[in-house]
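One structure is given here, and the rest of the page talks about it.
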Amino acid sequence: MRLEAGDRAPDFNRPDQTDTARKLSDFSGRKLVIYFYPKAFTPGCTTESCDFRDRHQALAKAGYEILGVSPDAPDRLEAFRQEHDLPFSLLSDEDHSMAEAYGAWGTKTNYGREYQGIIRSTFTIDSDGKVSNAWYNVKAKGHAERVAGAID
């Protein structure tokens, strides 16, 4: 099921890169950008994460916090965060339950082979916990700029 503007953001309880549990309620009253990416240290995911890093200040100025979400384990996320100087938290969704709740898990095709995986997606959540924007099947390069442009 895909989310649309106006939908209540699904709750989550996921460990971050330090293995600290993070819940949607931790961000109550604040606005979020949540982006789902398939795997840390891959070219596309690195590009997308670094693009969000480069727009972090502008998004923060607009009142948004950023959360990246992937199926990677917390220790791998911490290494990824450190290597690329990412100034925001990364959440581990190893069982992909958060991705499923946000509609960011599904059938993908690569070289004719079908498999289940992360559908690169991004959501903005308003201070009331409602989805204000939902983008699915996004391209890594340039997407953070489109997100920043949509919330200005």
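Checking GLY44 against (1) farther than 22 Å from ASP19 by Cβ; (2) in contact with a helix residue (DSSP H, G or I) (Cβ under 8 Å, 6 or more places away or on another chain), which test does it fail?
(2)
Could you grab me the full set of residues in segment 1-18 that are out of contact with any Asp or Glu (no Cβ under 8 Å at 6 or more places or on another chain), in contact (Cβ under 8 Å) with a residue 12 or more places away in the chain and farther than 12 Å from GLU100 by Cβ?
GLU4, ALA5, GLY6, ASP7, ARG8, ALA9, ASP11, PRO15, ASP16
Out of segment 83-105, which residues are of a type in the set (A, V, I, L, M) and within 11 Å of the chain's Cα centre (by Cα)?
Of everything in segment 83-105, those that are of a type in the set (A, V, I, L, M) and within 11 Å of the chain's Cα centre (by Cα) turn out to be LEU90, LEU91, MET98, ALA99, ALA104.
Just name the residue that is nearest to SER121 (Cα to Cα) out of those in segment 1-39 that are touching a Phe, Trp or Tyr at 6+ places or on another chain (Cβ under 8 Å) and of a type in the set (A, V, I, L, M, F, W, C).
Only one residue tops the list, namely PHE36.
Can you tell me which of (1) closer than 26 Å to ALA150 by Cα; (2) touching a Phe, Trp or Tyr at 6+ places or on another chain (Cβ under 9 Å); (3) without any contact (Cβ under 8 Å) to a residue 60 or more places away in the chain is the one PHE52 doesn't meet?
(3)
Restricting segment 23-42 to residues that are within 28 Å of THR107 (Cβ to Cβ) and assigned to a strand (DSSP E or B), which is farthest from the chain's Cα centre (by Cα)? Give the derivation first.
The first filter runs over segment 23-42 and keeps only residues within 28 Å of THR107 (Cβ to Cβ), leaving 24, 32-42.
So of that shortlist, the ones also assigned to a strand (DSSP E or B) come out as 32-36.
Values: LEU32: 10, VAL33: 7, ILE34: 4, TYR35: 2, PHE36: 4 Å.
Across segment 23-42, the extreme among qualifying residues is LEU32.
Test ALA79 against the criterion of being in contact with a strand residue (DSSP E or B) (Cβ under 7 Å, 6 or more places away or on another chain), among the small types (Gly, Ala, Ser) and either surrounded by fewer than 17 Cβ atoms within 10 Å (Cβ to Cβ) or within 23 Å of TYR136 (Cα to Cα) (or both), and give yes or no. It would help to see each step written out before you state the result.
On the way: in contact with a strand residue (DSSP E or B) (Cβ under 7 Å, 6 or more places away or on another chain): no; among the small types (Gly, Ala, Ser): yes; either surrounded by fewer than 17 Cβ atoms within 10 Å (Cβ to Cβ) or within 23 Å of TYR136 (Cα to Cα) (or both): yes.
Answer is no for this residue.
Scanning segment 106-152 for residues that are assigned to a strand (DSSP E or B), touching a residue at least 40 places away in the same chain (Cβ under 8 Å) and under 12 Å from the mean Cα position of the chain (by Cα), which turns out farthest from LEU91 (Cα to Cα)? Break it down into steps so the answer makes sense when it comes.
Taking segment 106-152 as the starting set, the residues that turn out to be assigned to a strand (DSSP E or B) are 106-110, 113-118, 121-125, 130-135.
Among the residues that remain, those that are also touching a residue at least 40 places away in the same chain (Cβ under 8 Å) are: 117-118, 121-125, 130-134.
Subsequent filtering for residues that are under 12 Å from the mean Cα position of the chain (by Cα) retains 118, 121-125, 134.
On the way: ILE118: 14, SER121: 14, THR122: 14, PHE123: 14, THR124: 16, ILE125: 16, ALA134: 18 Å.
Once the filter is applied, the top-ranked residue is ALA134.
With the requirement that a residue be in contact with a helix residue (DSSP H, G or I) (Cβ under 9 Å, 6 or more places away or on another chain) and part of a helix (DSSP H, G or I), what does segment 48-81 give you?
Within segment 48-81, GLU48, SER49, CYS50, ASP51, PHE52, ARG53, ASP54, ALA58, LEU59, PHE80, ARG81 qualify.
Looking only at segment 27-70, filter to residues that are surrounded by 17 or more Cβ atoms within 10 Å (Cβ to Cβ) and small (Gly, Ala, Ser); which one of those is nearest to HIS96 (Cα to Cα)?
SER70
Taken together, the values in this text are just the output of simple stated rules run on the coordinates, not laboratory data. This structure is a prediction, so every number in the text was calculated from the model and none was measured. Cβ coordinates were reconstructed from backbone atoms using ideal geometry, including for glycine residues, and neighbour counts include every protein chain displayed.
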